[in-house]
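**Student:** The following block contains the structure, expressed as structure tokens.
The values are calculated or read from the model by the stated rules, or taken from the named source; none is laboratory data. The model shown is predicted, which means the values in this text are computed figures rather than measured ones. Please note: Cβ atoms are built from the backbone with ideal geometry, for glycine as well, and neighbour counts cover all protein chains shown. Side chains included, ligands, DNA and RNA excluded: accessible areas come from the protein's heavy atoms. Shrake-Rupley method; radii C 1.70, N 1.55, O 1.52, S 1.80 Å.
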Amino acid sequence: MTMPHSLRASVVIVGYNGEEVLGACLDSLGNSDVPASEYELLIVDNASADRTVAIAENFRGRFPHLRIIRNERNVGFPAAVNQAAALSESPVLALLNQDTIVEGRWLSELLTPLDRDPSLGAVGSRVVNGDGPRLYAAALEVLYGGICVVHEGDRRTDAVSGCAMAVRLDAFRRLGGFDASLFMYGEDLDLGHRLRAAGYRIGYARSSVAHHAAIRRVRASSRTYMFYMARNRTLVCLQNYRRKRLYLFVDIFAFFPVTALAEWLRSRTKKQALGWLLDARMASLRTGLELLRSPLAASPHSPPVAL
């Protein structure tokens, strides 16, 4: 398929066993105020075992620039986005979770700041839980230790959520894309670190609104969420901080116990959650010690392999 050079963006959706949610997501996207002829839609399916791909195929009539990439195994969220970035033929990647429903101005309001301000490397949406009004994600001020303060743009913005965000394709590619080793969770914070280190600012578009079906308390009862969220917070900090040994010492005795306790209290499966968090602790320490032993340990995170 040959794409016109006038496309404004590539909307990227990573699919995984999303037959119950993907249809509503695509329907809302198709009803947005940016015509589907002005962007390409890249759906990367991570070896779904349900009808996710079939549902995506049903939308070909509504999205003239739809491409579906099927993976033979689940390579994780960041690696799937990197696949889409390698194929993209537009200046901006707009990421959207499969379990979201976007409001009519979601895409236009997300793209406008990037059109107007070349200093912006990425812009995030306002993401609310279900019908709202509670925030799931917005602008993020990232404190030392990877602790995030969610706000409405009235504080420093260090990162935005990969749930619904846009990033300049040239910057994304130049920095090597997302860190695929994270598999899921934390890749957006890591990208925020690297974008800012490269001289870009991170923006927030409050009028770009997405409704997210996920509930943190429910997610905290799954091993996938608990393990990767806990492990990756440590790894993202280690990859991006200069004083890595100091950070790891503080993480062992303060940050990890406090953040793990918060997630454990949120979980509905306390006994299992404790085991998942211990697994995450051991995995982050193993990888962290390997990182400290590497020749690059004295430097901040070097970018992944270029796309």
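**Student:** Within region 274-292, can you find the residues that are farther than 14 Å from Leu238 by Cα, open to solvent by 40 Å² or more (accessible area, probe 1.4 Å) and hydrophobic (A, V, I, L, M, F, W, C)?
**Tutor:** Matches in region 274-292: Leu274, Leu278, Met282.
**Student:** Would you tally the residues in region 57-110 being open to solvent by less than 60 Å² (accessible area, probe 1.4 Å), of a type in the set (D, E, K, R) and either more than 23 Å from Ser6 (Cα to Cα) or in a strand (DSSP E or B) (or both)?
**Tutor:** The number of residues fulfilling the criteria is 2.
**Student:** List, please: which pairs have Cβ atoms under 8 Å, are six or more places apart or on different chains, and start with a residue in region 242-263 that is loosely packed, with under 13 Cβ neighbours inside 10 Å and end with one that is hydroxyl-bearing (Ser, Thr, Tyr)?
**Tutor:** Listed pairs, sorted by first residue: Arg242/Ser299.
**Student:** Looking only at region 148-169, decide whether some residue is more than 16 Å from the chain's Cα centre (by Cα) and in contact (Cβ under 8 Å) with a residue 60 or more places away in the chain. Working first, answer last.
**Tutor:** Start the filter on region 148-169 by keeping residues that are more than 16 Å from the chain's Cα centre (by Cα), which leaves 149, 151-156.
Filter once more, keeping what is in contact (Cβ under 8 Å) with a residue 60 or more places away in the chain: none.
No, because not a single residue in region 148-169 is more than 16 Å from the chain's Cα centre (by Cα) and in contact (Cβ under 8 Å) with a residue 60 or more places away in the chain.
**Student:** Got a number for residues in region 1-29 being at pLDDT 95 or above and exposed (fewer than 15 other Cβ atoms within 10 Å of the Cβ)?
**Tutor:** The number of residues fulfilling the criteria is 2.
**Student:** With (1) more than 23 Å from Arg194 (Cα to Cα); (2) outside any strand (DSSP E or B); (3) over 13 Å from the mean Cα position of the chain (by Cα) as the list, and Pro113 as the residue in question, which single condition is left unmet?
**Tutor:** Here Pro113 meets the rest and fails (1).
**Student:** Count, please, the residues in region 206-250 that happen to be closer than 17 Å to Asn97 by Cβ, modelled with pLDDT under 95 and not small (Gly, Ala, Ser).
**Tutor:** Of the residues in that region, 7 qualify.
**Student:** Give me the strands (runs of 3 or more DSSP E) completely within region 121-185, filtered to those with at least 3 residues that are under 29 Å from Ile252 (Cα atoms), ordered by residue number. Lay out the reasoning, then the answer.
**Tutor:** On the way: elements: 135-137, 139-142, 148-151, 164-168.
Ranges flagged: 139-142, 148-151.
**Student:** Something else about it: Among the residues of region 132-170, what is the count of those that are surrounded by fewer than 18 Cβ atoms within 10 Å (Cβ to Cβ) and under 25 Å from Ala85 (Cα atoms)?
**Tutor:** Here the count works out to 1.
**Student:** Considering only region 30-52, state which residues are crowded, with 17+ Cβ neighbours inside 10 Å and within 21 Å of the chain's Cα centre (by Cα).
**Tutor:** Tyr39, Glu40, Leu41, Leu42, Ile43, Val44, Asp45, Asn46, Ser48, Thr52, listed by residue number.
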